[in-house]
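**Q** Provided herewith is a single structure, encoded as structure tokens, for subsequent inquiry.
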Amino acid sequence: MDNQNDLRSWLKPKANEILQRLTATERETLLIKCWMSHDARWFMAVANEYGIQVANRLNQIAAHAVGAVEAQRIVRALQLPPIATLDDYILAQEIFIQWLGPDLLDYQVSKVDATTIRLHVRRCFAYDNAVRAKIADDYECGIFARVTGWLDALSLPYTLLPALGKCLKAQGHECACAMTINTQAKE
């Protein structure tokens, strides 16, 4: 196709003009919703084609890998200093969550001691979607798999209790975990 017949030179400015109707916050919200819709549909396509166990396993692998990549990208984009302490990590985690979808979770974080934090998730989009899809009983948490990706990308040795597995809320438990981070191992 030659440049004379290429409609993009005419379409691109018009498309950009229309896109300008959205504020930066509205664009961000729409992008997050689109990504979460893709994520849910990908999960259900795998579950329907290969079974929930395969979907859970692949979701955890993908969530962990995405977590590692996004942590590196966000740290680099924001020029964050190296994460060297538990407080550094808590702040980095909050930055990641605020960047990636602050409305997706309603949670609290508290320090248990000098190396351990407690995460308590009151509302979680993944659990809500699993309930709507009627797969909650078999759903395994992908959220904390993503968090472990962040920790690995930041080279922070950690333990997570309880370990990754079935969604705690779907089992009728409180979604709470203790994360112990050994920042001394980095030195």
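**Q** Exactly one condition in (1) surrounded by fewer than 15 Cβ atoms within 10 Å (Cβ to Cβ); (2) of a type outside the set (S, T, N, Q); (3) touching a strand residue (DSSP E or B) at 6+ places or on another chain (Cβ under 6 Å); (4) farther than 22 Å from residue 35 by Cα is not met by residue 163; state its number.
**A** Residue 163 satisfies all of (1) surrounded by fewer than 15 Cβ atoms within 10 Å (Cβ to Cβ); (2) of a type outside the set (S, T, N, Q); (3) touching a strand residue (DSSP E or B) at 6+ places or on another chain (Cβ under 6 Å); (4) farther than 22 Å from residue 35 by Cα except (3).
**Q** Pick from 83, 97: which is part of a loop (DSSP other than H, G, I, E, B) and closer than 17 Å to residue 149 by Cβ?
**A** 83
**Q** Restrict the check to the range 106-116 and report whether at least one residue is of a type outside the set (A, V, I, L, M) and buried (at least 18 other Cβ atoms within 10 Å of the Cβ).
**A** The answer is no; no qualifying residue exists.
**Q** Now for a different question. Can you tell me which residues in the range 103-135 are assigned to a strand (DSSP E or B) and among the aromatic types (Phe, Trp, Tyr)? Working first, answer last.
**A** Keep residues of the range 103-135 that are assigned to a strand (DSSP E or B), which gives 105-111, 116-124.
Listed by number, the list holds a single entry, 107.
**Q** Can you find even one residue in the range 84-91 that is closer than 18 Å to residue 125 by Cβ and at pLDDT 95 or above?
**A** no
**Q** Let me ask something else about it. So, residue 59, is that one over 17 Å from residue 101 (Cα atoms), out of contact with any Ser or Thr (no Cβ under 6 Å at 6 or more places or on another chain) and surrounded by fewer than 13 Cβ atoms within 10 Å (Cβ to Cβ) or not?
**A** When the stated conditions are applied, residue 59 does not pass them.
**Q** Tally the residues that are more than 20 Å from residue 46 (Cβ to Cβ) and either surrounded by fewer than 20 Cβ atoms within 10 Å (Cβ to Cβ) or under 17 Å from the mean Cα position of the chain (by Cα) (or both), restricting the search to the range 137-157.
**A** Summing the residues that are more than 20 Å from residue 46 (Cβ to Cβ) and either surrounded by fewer than 20 Cβ atoms within 10 Å (Cβ to Cβ) or under 17 Å from the mean Cα position of the chain (by Cα) (or both) in the range 137-157 gives 9.
**Q** For the range 165-182, state whether one or more residues are over 21 Å from residue 44 (Cβ atoms), polar (S, T, N, Q) and in a strand (DSSP E or B).
**A** yes
**Q** Next question. Quick check on my filter: what residues within the range 172-187 are farther than 17 Å from residue 119 by Cβ and loosely packed, with under 12 Cβ neighbours inside 10 Å?
**A** The answer is 172, 184, 185, 187.
The values are calculated or read from the model by the stated rules, or taken from the named source; none is laboratory data. In this text, all values refer to a predicted model and were calculated from it rather than measured experimentally. Glycine gets a Cβ as well: all are built from the backbone with ideal geometry, and neighbour counts include every protein chain shown.
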